[in-house]
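First, the structure itself, so that you have it in front of you.
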Amino acid sequence: MSHVTRVRREIRRYLAIEPVQVAELELEPGRGPGQGPGPGPDGGGVLRPGPGSPPVTHGEVFLLVRRAGRPVAALLGRVPEGADPRAVLTELARRHADSGPASAPAPAPAPAPAQAPAPAPAPAATGRTVPFTTVVIATRERADRLAHALDSMLVQDHPDFEIVVVDNAPVTDATRDLVGREYAERVRYVTEPVPGLAVAHNTGLAAARGDVVAFTDDDVVADPRWLTELTAPFAADPGLGCATGLILPARLRTPAQVLLESHGGFAKGFAPRTYDPADPPADEPLFPFTAGRFGSGANMAFRTGVLRAVGGFDPATGAGTLARGGDDLYGFVRVLAQGHRLRYTPQALVWHHHRETWQDLETQAYGYGVGLTACLTALLVNRPALLPAFLARLPRGLAHARTLTAARDTDARSTAGAPGASGLPSTPGVPGVPSVPGGHDDRGHPWPRRLSRLQRKGMVYGPVGYLRARRALRAAQASVLSGTAGAAGAAGAAKAAGRSR
């Protein structure tokens with residue numbers, strides 16, 4: 001098959017990807033904090049649309065399944081035209097539950113609406129010890145998205161936290177005005193004139209007063225129990241340095257959003273896991289350098305003193321720099337390398353607004369590649385003692401990188417099941433129960449060669465991008481310190497760095 005023919009076929013397949021509805025189903029309402037009434041007489045659960053989504057109708061549905069408020073699975077189902085979405089999706093969820101470990105019996109039936117509004121959270125964490133926490137949100141010129149994120153922060157059931165918004169290299173007063181007008185009593189506003197996500201996160205870290213500092217993005221909507229679930233492990237484990245949580249798509253309306261989620265999205269599954277450098281996981285031969293398995297920057301928290309002790313994030317990494325990303329991965333590895341544990345807890349959920357266009361996907365694929373190898377370069381530059389361990393893992397790492405960035409033919413069928421019109425695969429071994437990928441490497445589904453090549457090209461450029469980012473950072477800092485360029489110089493540096501959030 002010629003290159004032109006292959007490209008045309010990939011474009012046709014991409015344009016044919018259909019939108020997918022996003023919803024959540026509570027199988028055991030009334031048993032968790034802030035949950036609504038019990039299931040209906042037919043045993044059905046309580047169905048709600050995802051954040052910002054309309055009520056569920058017929059068609060394909062990405063479904064988060066909860067039990068007593070806790071996320072337990074993500075499934076892909078189809079509601080036939082004219083069918084009751086709640087009944088169809090409840091049956092889907094129960095078939096999935098029956099195929100796995102035995103679960104607790106459901107409570108006695110009680111009436112429930114077919115599609116209920118989201119319940120109000122409990123006023124405080126019940127029976128949980130949680131540390132005083134600072135939530136840091138770095139942003140730049142996205143006041144509309146930031147407002148939704150802040151609204152979700154203000155209804156958290158965590159009893160003791162503060163919010164810091166870091167306005168990174170702003171070119172307008174939109175973010176300052178929003179915080180001052182709508183959130184001044186609950187949100188601290190800080191400006192960081194030097195562009196770059198890691199720089200902004202370090203500014204938030206310096207401003208943090210909490211024992212734990214949590215980071216999320218301005219394009220998420222946090223579950224009401226997100227902060228409690230993310231920070232409770234720090235109280236339970238004094239040796240814990242970092243925690244990460246579950247990230248699910250807020251919307252799957254465009255082919256780009258569906259394709260990204262079909263490639264794994266940001267999901268790391270529904271099984272909690274602790275990574276301990278004193279007891280390296282046997283199934284992770286590249287540990288700790290496969291940091292992408294641990295979580296993502298849109299949903300992470302650190303013990304404040306631990307993150308400060310390792311120097312925070314490398315300011316030459318992250319969105320807004322020529323390194324494009326890798327700041328979160330850098331933080332994970334640095335904390336693990338200092339002997340602290342990392343906990344992945346899927347009960348800490350945020351809904352993420354994926355990019356919407358093909359151009360966004362190209363930028364993201366290239367940026368992922370650049371960010372990965374830029375992060376590895378930063379680790380070796382800042383902590384040369386990691387070099388022997390890195391070199392010992394390099395051959396396997398190269399093979400892993402080839403697999404990670406491999407293209408998948410859109411006609412392929414894998415052990416994960418046959419993709420539907422959305423491109424999302426079905427679950428193996430569970431007849432009639434389709435599912436979305438829950439793991440970082442569950443990639444037996446379409447991934448265009450164009451995006452694969454961009455990822456690999458980015459990986460080759462990553463070390464160069466990091467070194468160039470270090471030079472650009474020094475120049476930007478000098479400009480800000482000297483005051484010769486002021487805000488205009490910072491904005492110009494941001495443009496030169498190719499910011500791509």
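The values are calculated or read from the model by the stated rules, or taken from the named source; none is laboratory data. Please read all numbers here as calculations on a predicted model, not as lab measurements. Just the protein is used for accessible areas: all its heavy atoms, side chains included, with ligands, DNA and RNA removed. Shrake-Rupley method; radii C 1.70, N 1.55, O 1.52, S 1.80 Å.
Heads up, I need the accessible area for ARG471: 1.4 angstrom probe, whole protein in place, Å², nearest 10.
Here the residue's solvent-accessible area equals roughly 140 Å².
Same structure, new question: Probe radius 1.4 Å, ligands and nucleic acids left out: which of THR321, THR172 has the largest accessible area, and how do the rest follow?
THR172, THR321
Taking the alpha-carbon centroid of each part, what is the distance from the range 195-248 to the range 266-327 in angstrom?
For the range 195-248 versus the range 266-327, the Cα centre distance is 12 Å.
Also, quick follow-up: Provide the solvent-accessible area of VAL480, counting protein heavy atoms only and rolling a 1.4 Å probe, rounded to the nearest 10 Å².
For VAL480, solvent-accessible area is about 50 Å².
Separate question: Could you calculate, for the range 223-273, the ratio of the Cα radius of gyration to the Kirkwood radius, expressed as Rg to Rh?
Using only Cα positions, Rg/Rh for the range 223-273 is 1.10.
To continue, here is another question. At 1.4 Å probe size, what's the solvent-accessible area of LYS457? Round to the nearest 10 Å².
Solvent-accessible area, nearest 10 Å²: 130 Å².
Sorting ASP283, ASP276 by accessible area (1.4 Å probe), largest first, what list results?
ASP283, ASP276
Ranked by accessible surface with a 1.4 Å probe, highest first, in what order do HIS158, HIS148, HIS400 come?
Ranked from most to least accessible, the order is HIS148, HIS400, HIS158.
Give me the percent of the accessible area of the range 232-277 that comes from carbon and sulfur atoms, probe 1.4 Å, all protein chains in place.
56
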